[in-house]
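First up is the structure itself, then whatever we jot down about it.
The values are calculated or read from the model by the stated rules, or taken from the named source; none is laboratory data. Being a predicted model, the structure only gives us computed values, none of them experimental. Neighbour counts are summed over all protein chains in view; Cβ atoms, including those assigned to glycine, are modelled from backbone coordinates with ideal geometry.
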Amino acid sequence: MTNDRVAVKTKIAVAVFVCIAVLSCSSVSRAGERDRVYDILDSWTCVRWGEDNIAWVVHYPEELVDPWIRSEAERRRMKPEQAEELRKSFSDELRIGSATAVLLSVYGYGASPVNISPMSKNITLINSSGGRINPIVFEKKLDSPISGLVQGFVFFPPQTDKNFRIIVNGLVPDRETNFTFPASGGAGGAIATLPAPAAETGTENERLEKEVVVKIPTKRDSASTKPAPPAVPEPPKIDGPDLEVEGETFPPVEPVVPAPVISAPPEPEPDTADREMPKLAPRQVLEIYLKAWIEGDTERMYSLLSEESQGKISKELFGREIASDNFKSALRSGYKVNWSGDSARVTVARKILFVRTLETKQINFVMENGSARVSW
């Protein structure tokens, strides 16, 4: 009996040790993936000061995709199919493989807005051979006068050479601003938040070793000599449906696995065959339409289109267009609806790493046989 008890205790001890080892390895793995993401971002983040502004450029290379997806999948406990969907959405958003993506962030704190318009001429990629390459597409908000923090993606033709520069005009008068890659990082130091004031102790060198602060001037600083606390932009909220726009709020939803399609639906009973379809108002149709969108049920979505819309686009083409749009993944994180007559503006937040941008789609409705239908 004694030997049996010893054997059982030994097995339990081994099992506990294995569990601890597995959990420890998992924790180290998560930390390792996260640290890898930060290391890559540090290498591809470049910060420059301008006249009454600070700007930074982040390039998203293909090598970032795998560690970030693994880190997010582990952190959010995703199923394999959810992680794969996130990978597709992330790669599509950044046009991985078909373009070189950079995020340009400009924080203007002066009395006058920053103007880097026209973007088509004022932002350029210069490769290691000195060739100047214009962007193929960029977000339009960068083409307007900038006050406060504005962030937008700029896409260039795909580059195989990892040594390149991004040139931006307009941040400093009559001078180009160079963002050189690979960079040494340092974005966090340039936009560091300020600690609360504390009594100064020790020698000057000791104080410098304890604290290095970069002060971002404010409009008040540039307009008056009276000192004022610096204005540091709050980071955008990433989670939840607080989209900072007016409208009815709909919270995040869990992914729903679509029910299997029945190839041969049963024939309706004789007494119900001629029964009229329910008359649905635009709000009811929108709810069904968005629910089907979240679930990936494109057939259900297509059935809600008006007859005129179905005459313009086939079910197959409609399904392909919906599948290629990443609006579905953003809808799952919550959305807001703002109505104007028979049109609904649906706003979602797209999150790409640590950047959140808002996107709005307008969905119009028409009445057919007393029921609302979507006009595509």
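Only one of the listed residues (PHE164, PHE90, PHE155, PHE138) is of a type in the set (Phe, Trp, Tyr), touching a strand residue (DSSP E or B) at 6+ places or on another chain (Cβ under 8 Å) and more than 30 Å from GLU33 (Cβ to Cβ). That residue is PHE138. Restricting attention to the range 49-91 and to residues that are closer than 18 Å to VAL154 by Cα and among the hydroxyl-bearing types (Ser, Thr, Tyr), the residue that is surrounded by the fewest Cβ atoms within 10 Å (Cβ to Cβ) turns out to be SER91.
On inspection, GLY130 qualifies as closer than 21 Å to ASN163 by Cα and without any contact (Cβ under 8 Å) to a residue 60 or more places away in the chain. With respect to being crowded, with 17+ Cβ neighbours inside 10 Å and more than 29 Å from GLU359 (Cβ to Cβ), ARG165 fits the description. In the range 136-152, the residues that are part of a helix (DSSP H, G or I) reach residues that are of a type outside the set (Gly, Ala, Ser) and exposed (fewer than 13 other Cβ atoms within 10 Å of the Cβ) with C-beta atoms within less than 8 angstrom, at least six apart or across chains, in these pairs: ASP143/PRO118.
The rows are residues; the columns are (1) modelled with pLDDT under 95; (2) part of a helix (DSSP H, G or I); (3) of a type outside the set (A, V, I, L, M, F, W, C).
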| residue | (1), (2), (3) |
| --- | --- |
| SER24 | yes, yes, yes |
| GLU33 | yes, yes, yes |
| ARG36 | yes, yes, yes |
| ASP39 | yes, yes, yes |
| PHE90 | yes, yes, no |
| SER112 | yes, no, yes |
| THR124 | no, no, yes |
